[in-house]
1. List the pairs whose first member sits in the range 321-332 and is within 18 Å of THR467 (Cα to Cα), whose second member is among the polar types (S, T, N, Q), and whose Cβ atoms are under 7 Å apart, counting only residues at least 6 apart or on separate chains?
2. Out of LYS54, LYS86, report the one residue that is over 30 Å from SER206 (Cα atoms) and either buried (at least 19 other Cβ atoms within 10 Å of the Cβ) or modelled with pLDDT under 95 (or both).
3. Can you pull out the residues in the range 384-420 that are part of a strand (DSSP E or B) and closer than 30 Å to ILE192 by Cβ?
4. Identify all residues within the range 438-475 that are among the acidic types (Asp, Glu), touching a strand residue (DSSP E or B) at 6+ places or on another chain (Cβ under 9 Å) and more than 24 Å from VAL313 (Cα to Cα); write none if there are none.
5. Where residues in the range 290-318 are touching a Phe, Trp or Tyr at 6+ places or on another chain (Cβ under 9 Å) and among the charged types (D, E, K, R), which of them is nearest to GLY355 (Cα to Cα)?
6. Within the range 360-383, how many residues turn out to be in a helix (DSSP H, G or I) and not β-branched (Val, Ile, Thr)?
7. Which condition number does GLY287 fail, the rest of (1) within 29 Å of GLY397 (Cβ to Cβ); (2) in contact with a Phe, Trp or Tyr (Cβ under 8 Å, 6 or more places away or on another chain) being met?
8. List the strands (runs of 3 or more DSSP E) inside the range 260-358, counting only whole elements, that have at least 2 residues being surrounded by fewer than 18 Cβ atoms within 10 Å (Cβ to Cβ).
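The values are calculated or read from the model by the stated rules, or taken from the named source; none is laboratory data. Because the structure is predicted, anything quoted here is derived from the model rather than measured. Here the Cβ positions follow ideal geometry from the backbone for every residue, glycine too, while neighbour counts run over all protein chains shown.
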Amino acid sequence: MSTANTASYQPTSTFMPITINSFKAYDIRGELGVTLDEDIAYRIGRAFAEILYKRYHAAADSSDLTYLKPAIAIGSDIRHSSEQLKQAAIAGIIDAGVDVIDLGMTGTEEVYFATSHYQTLGGIEVTASHNPINYNGLKLVKEHSKPISADDGLAEIQALAESGDFANPKQKGALEVLADKSAYIEHIIDFIDIDKLKPLKIVINSGNGSAGPVVDLLIDKLAQADAPIEVIKLHHQPDGSFPNGIPNPMILANRESTRQTVLEHNANLGIAFDGDFDRCFLFDETGEFVDGSYVVGMLAQAFLNKYPNESIVYDPRVIYNTEAVIKQHGGQAVISKSGHSFIKQVMRESEAVYGGEMSAHHYFRDFFYCDSGMIPWLLTIELLSITGKSLSELVNGYISAYPSSGELNFRLTSSDAQAIINDIESKFADEQPSKSTLDGLSLDFGQWRFNLRASNTEPLIRLNIETRGDENLLNTQVNEIKEWLAKQGAVSA
C-alpha cells in the first residue's frame, strides 16, 4: 500500500464545453482518439466524483450513508490504453476533492467487490471488455456497487463532463494504491465447499485478458486446501496486444482453442472469459459450448437445492427451460428486462439469491447483487463433484426439452429496428400469440416463442427462438424468420 496526492496525468488548465459521444445506456465505451481519450477520461472521473460527493453530503444527515468512505475505487484491465485512461480519471477524481483507491490491474467484478468492501462512494473499471482493440471505456457504480444507468445518474455525469463547469474544492483528494486481492479471493472462494470437490481436470482460457492473476490465486487457494483439481491454463498471460485475438467467446472462431484443449487433455470442463472476466463461458467434456441460457437453468437448480423457495431472476430472451427448472424446484420466477442495471435492481427488489442472463452474466445476492465471472465456474466444479455427473449430463436434458437457436444477430441496412419489430408483430397477429414488450418483442405461440430486440450498443437486431422439445419446429421457424428479416433489410451479422 502507498499513498500520494498526485496522479501521473495533468489536465489542461481550461475546460471548454465539448460533446462526448462515448456515453451508452449502461456505461461509457468509445474508439480511442475519436470518442475517448485521456482528456475525456479526466472529465468523466471528475464529474463522477463531484456528483457522488454532492449526493453523499446532501443525504448524509438524513440517511445511513454517513459510514461511507468519501473515496472512489478504481481499476483497469490489461489493454495498453487502460492504465493511461485510469490515471487521467484518477486525476479528475483527486481534483474533485475526493480520495482514490487504485486497485491496479483488475477485472470488473474486483471493482464491484472493492466498492462494497471498502464502503466507498463508488467505483470505476476502465475496460472495453470484448470490444475491438482500438476501443476502451469506463464502467461506473455508486455506493454498495449499485449500477448507474442513463436514467439514474449517467446522463447527469455526461452533462457535467461535457460542460466542464466543475466546482473548485478547498483541497484535493488523496491517492491510495491498494492492489491486494486477498479479501476478494476469500469472498469468492467462500461460495463453495472445497471439501466436497472431487478429482476434476479443467481447462481455463483467460484469453490473455485480466483473468489470469485471479485464476492463479484461486488455484492456489484450492491447492492449499488439497482440492483435487487439475488446471490446464490456456492463453493465460495477460497481454494487452491480445496475441490470440480479442477475448470474446461469443465469436464462434474464438471457441475452437478451448474446445480443442478440452479434447486433447480429456478434461471434464472448459472455461473461458471475456477481457474483464465479468462473463463466464462453459464447455462440456466433449468440447461443446454450453449456451448461456442452459447455464442459467443449471445454476438456478443448484441454488434452489441449497436455498429452497428463493427467487431467481432471468431475462426474457430465452425462458422456457429456466421457468421449468424454477417451477420444478420450488423457486419463485422473476423476469427482468435484459441488462445489468435492470437485473440488479429487480434482484434487490425481490431479494433474489441468483440472477442469470443468456449472455453469460451471472449475478449473486451474496456478491452485492453483482455479476461475477469467477463464481460460476467454482459453482460448476462443486456441482460436478456433488452430483457425480458430467456437464453434458447436467445440461443435455435441458437442451433436448427446450431447444433454442442461440442469439442470432442481424445488421440493419435499411429499416430501423422498431419498424421491423412492429412489422413482425403484424405478420403474426392472426395467430394471436401471447405478447410481451418487456424487452423488445416476445411472442409466444404455445409450442414455440421468439424474442426480437434492438441492440443497445450496435446497429443490430437480435433474435432468439425456442421450442418445447421440437428441433424440427425450431429449424423451420429460424429459417422462416431469417428469410423474412432479410426482406426487411436485416442481414445476418
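1. Qualifying pairs under 7 Å: ASN321/SER293; THR322/SER293; VAL325/GLN301.
2. From the options LYS54, LYS86, the qualifying one is LYS54.
3. Residues of the range 384-420 that are part of a strand (DSSP E or B), as a first pass: 404, 408-412.
Listed by number, the list holds a single entry, SER404.
4. Listed by number, the residues that qualify are GLU458, ASP470.
5. Per the criteria, the residue is ASP315.
6. The qualifying residues number 10.
7. (2)
8. Filter on the range 260-358 gives 332-335.
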